[in-house]
Amino acid sequence: MRSGTFQADGETLAYNHYLPAGEPREFALSLHGAGPAGREGIGYLAEHLASRGSSLFCLDFSGHGDRTGHLRESSLSRRVVQAKSALRVVSRRPTILVGTSMGGHVASSILADVAPEFSILFCPAIYGDGSIDLPFDDRFTAAIRKPSSFEHSSLRRDLGRYRGKSLLIIGDDDRIIPPRVIDIYREELRKGGELALLRLPGAPHNIHGWARQSDGNRTIILRAIDDLLQRSATLAFGSSRRRPFDDDGSKVWQRRQGR
């Protein structure tokens with residue numbers, strides 16, 4: 001793994017770049033959420049991808065980890081700028097775009113610019129247009145607390161136009177992301193691309209923390225991601241007995257309790 005810093009949006013941002021032994025088969029860009037873990041939270045996935053010949057670049061947005069800037073001075077629009085700046089650092093278009101929680105919104109905001117073959121979204125959030133430029137202070141909090149403020153987000157247009165393969169990973173015990181937000185992602189992503197849904201009974205909003213709790217938790221996530229990256233015409237998620245189709249035609253891998 002290589003670590004370093006780069007300049008973006010008037011800030012100094014830290015990054016980790018996980019690399020395989022040889023030339024990377026896939027290149028992933030990972031964007032973290034609003035929680036305290038920052039770029040370190042995705043380490044288990046980055047190491048897994050590197051062991052299978054792919055690389056992953058992850059950064060700390062301003063206000064997180066080893067960086068300059070303050071969280072209350074940041075915003076969603078600034079995170080989009082910082083994510084795009086990371087692309088210039090690696091000088092390569094990602095074939096995999098990973099987003100977690102708030103990072104799911106940021107990742108979806110650059111889908112049109114990046115056009116990755118795969119998108120992997122962990123418990124993604126979506127925000128209304130009125131909150132995009134607001135700093136992360138009381139004004140942002142008030143804006144996102146308005147009922148259904150996310151319903152008419154222009155992000156829906158970008159999601160609906162995406163033509164790649166997506167894996168949506170959610171925890172059944174998530175108390176942060178409203179179910180309607182997940183419905184929007186499902187509705188839009190299957191309009192032009194392929195969508196698979198991985199539902200994790202017992203998992204909270206902090207899916208990466210849950211994954212680090214046991215090998216079994218990690219395995220169920222990593223196996224689904226391995227399946228996604230097979231590049232088949234349809235996502236080969238195994239037998240319908242263990243991984244049934246959801247009622248809208250998207251594929252679902254449900255982790256049973258005790259397995």
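Conditions tested, residue by residue: (1) among the aliphatic types (A, V, I, L, M); (2) closer than 15 Å to Val181 by Cα.
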site	(1), (2)
Glu117	no, no
Ile132	yes, no
Pro135	no, no
Ser153	no, yes
Leu159	yes, yes
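Residue pairs whose Cβ atoms lie under 7 Å apart, sitting 6 or more positions apart in sequence or on different chains, and linking a residue in region 85-98 that is touching a residue at least 24 places away in the same chain (Cβ under 8 Å) and over 12 Å from Gly164 (Cβ atoms) to a partner that is of a type in the set (Val, Ile, Thr) and outside any helix (DSSP H, G or I), are Val98/Ile120.
Restricting Ala125, Ala112 to residues that are out of contact with any Pro (no Cβ under 7 Å at 6 or more places or on another chain), among the aliphatic types (A, V, I, L, M) and at pLDDT below 95 narrows the list to Ala112. Inclusion of Arg190 among residues that are surrounded by fewer than 17 Cβ atoms within 10 Å (Cβ to Cβ), farther than 28 Å from Arg88 by Cβ and of a type in the set (D, E, K, R) is not warranted. Take Gly38 and tell me if it is surrounded by fewer than 18 Cβ atoms within 10 Å (Cβ to Cβ), under 25 Å from Phe118 (Cα atoms) and without any contact (Cβ under 8 Å) to a residue 60 or more places away in the chain. So Gly38 does not fit the description; no. If you go through region 148-169 and keep only what is over 15 Å from Ile96 (Cβ atoms) and touching a Phe, Trp or Tyr at 6+ places or on another chain (Cβ under 8 Å), you end up with Ser149, Phe150, Ser153, Leu155, Leu159. Restricted to region 19-40, and to residues that are under 16 Å from the mean Cα position of the chain (by Cα) and of a type in the set (A, V, I, L, M, F, W, C), which residue is farthest from Ile177 (Cα to Cα)? Per the stated criteria, the residue is Phe27. Only one of the numbered conditions (1) touching an Asp or Glu at 6+ places or on another chain (Cβ under 9 Å); (2) without any contact (Cβ under 8 Å) to a residue 40 or more places away in the chain is violated by Ala112, and that is (2). When region 53-62 is filtered for residues that are surrounded by fewer than 20 Cβ atoms within 10 Å (Cβ to Cβ) and modelled with pLDDT under 95, nothing remains. With the condition kept exactly as written, say whether any residue in region 200-212 is assigned to a helix (DSSP H, G or I) and over 18 Å from the mean Cα position of the chain (by Cα). No, region 200-212 contains no residue that is assigned to a helix (DSSP H, G or I) and over 18 Å from the mean Cα position of the chain (by Cα).
This table checks each residue for (1) under 18 Å from Asn206 (Cα atoms); (2) at pLDDT below 95; (3) not in a helix (DSSP H, G or I); (4) not aliphatic (A, V, I, L, M).
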site	(1), (2), (3), (4)
Gly22	no, yes, yes, yes
Arg25	no, yes, yes, yes
Ser30	yes, no, yes, yes
Gly35	yes, yes, yes, yes
Gly41	yes, yes, no, yes
Glu47	no, no, no, yes
His64	yes, yes, yes, yes
Thr68	no, yes, yes, yes
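Screening Val89 against (1) crowded, with 19+ Cβ neighbours inside 10 Å; (2) over 14 Å from Ala34 (Cβ atoms); (3) modelled with pLDDT under 95 leaves a single unmet condition, (1).
The values are calculated or read from the model by the stated rules, or taken from the named source; none is laboratory data. Here the structure is a predicted model, which is why all the values come from computation and not from measurement. All Cβ positions, glycine included, derive from the backbone under ideal geometry; neighbour counts span all protein chains shown.
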